[in-house]
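Report on one structure; see the data block that follows.
The values are calculated or read from the model by the stated rules, or taken from the named source; none is laboratory data. This is a predicted model, so every value here is computed, not measured. All Cβ positions, glycine included, derive from the backbone under ideal geometry; neighbour counts span all protein chains shown. Heads up: the accessible areas ignore ligands, DNA and RNA and are worked out on the full protein's heavy atoms, side chains in. Shrake-Rupley method; radii C 1.70, N 1.55, O 1.52, S 1.80 Å.
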Amino acid sequence: MARDFNPQFAEILSEAFSRAEIRPINVTQEHIDEALRSANYVLTEFSNRGVNQYQLVEQDIDIEADTATYDLMAGALDVWHAVYRRDNADTPIWPMSRSDYHSIPNKDATGRPNRYFSDRGKEGNTTRTVTLWPVPDRTGDT
């Protein structure tokens with residue numbers, strides 16, 4: 001029988017007090033207020049990790065045959081998600097690490113790109129680039 005783990009907040013508080021060795025009979029209103037405040041701080045911290053959706057900006061890049069590397073727009077930090085559009089059909093392309101990109105034996109192979117390497121540059125360098133692989137084999141895609 002499968003069971004979802006979905007405790008109520010009161011159960012979480014009870015467990016936290018138990019781990020802090022505070023017996024249920026000794027829990028005061030002040031303990032509860034502090035626990036609620038701490039939970040709010042933790043949840044706020046969790047929500048602030050990761051990318052805020054309002055910071056995402058869409059960028060279309062016109063692809064040229066035999067050109068693998070393209071500059072990202074000024075102020076861009078990284079690529080969050082990418083698709084390759086050919087003949088009005090979007091196909092997801094997947095990120096690869098610097099090590100993955102450097103381990104490709106033939107970086108000049110051409111075809112329909114299915115991976116990209118986002119180069120965030122070196123310290124002090126504000127230009128960010130994205131390199132597609134395989135190298136696009138035709139012009140006019142995005």
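Here are a few things to note about the model shown:
- Helix 29-48 vs. the chain, principal-axis angle (Cα, 0 to 90°, nearest 10): 0
- Amide H to amide H distances under 5 Å link Arg86 with Thr91, where only residues 5 or more positions off or on other chains count and H is placed in the peptide plane.
- With 0.36 nm allotted per residue and the present C-alpha distance subtracted, the Asn6-Thr126 stretch has 38.8 nm of extension available.
- Percent carbon-and-sulfur accessible area, the chain, ignoring ligands, DNA and RNA, probe 1.4 Å: 50
- For Ala76, nonlocal amide neighbours, meaning residues 5 or more places apart or on other chains whose placed amide H falls under 5 Å from its own, do not occur.
- Restricting the calculation to alpha carbons of the stretch 73-127 gives Rg and Dmax of 13.1, 39 angstrom.
- The mean sequence distance of close C-alpha pairs (under 8 Å, at least 6 residues apart), as a share of the length of the chain, puts its relative contact order at 25 percent.
- Anisotropy class of the stretch 99-142 from Cα gyration tensor, a/c 1.5 cut: oblate
- The length gained by stretching the chain between Ser14 and Ser38 to full extension, at 0.36 nm per residue less their Cα-Cα distance, is 7.2 nm.
- Over the chain, the reciprocal of the mean inverse Cα-Cα separation, the Kirkwood hydrodynamic radius, stands at 19.5 Å.
- Loop sites in the stretch 1-88: chymotrypsin sites (Phe, Trp or Tyr not before Pro), DSSP, at most 16 other Cβ within 10 Å: Phe5, Trp80
- Degrees between helix 9-19 axis and first principal axis of the chain (Cα, 0 to 90, nearest 10): 70
- Residue separation of Glu58 and Ile104 scaled by 0.36 nm, minus their Cα-Cα distance, works out to 13.7 nm of gained length.
- Extreme residue, positive dipole direction of the stretch 25-89, given options Leu36, Tyr54, Asn26 (C-beta unit charges): Asn26
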